[in-house]
Amino acid sequence: MDVKRVKDYIYWLYFQYLLITCSYVLEPWERSMFHTITLTVFAMVLYTAYVFVPIHVRLAFQFFSQIFGGQPESTV
């Protein structure tokens, strides 16, 4: 792929984002605030998923392995 096609595709994706969020009607300072808040919320969701999802998956695995006849853990 050449650079121009990649650049056009990224611009197209950004334009789709503007259309979906209706932020193309905002003034430039409002748009930057909107993007900052959106990026912050998205980063917090990713961080929360990174920290808490593995813990819950491990606990669910332990719970279901005990229910379906897994070996009990040592209580030493």
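The values are calculated or read from the model by the stated rules, or taken from the named source; none is laboratory data. A quick note: this is a predicted structure, and the numbers were derived from the prediction, not measured. Surface areas here come from the heavy atoms of the whole protein model, side chains and all, with no ligands, DNA or RNA. Shrake-Rupley method; radii C 1.70, N 1.55, O 1.52, S 1.80 Å.
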Hits in region 11-24 (condition: open to solvent by 100 Å² or more (accessible area, probe 1.4 Å) and of a type in the set (A, V, I, L, M, F, W, C)): 12, 20
Answer residue from region 1-57, given it is of a type in the set (D, E, K, R) and part of a helix (DSSP H, G or I) and is farthest from the chain's Cα centre (by Cα) among those: 4
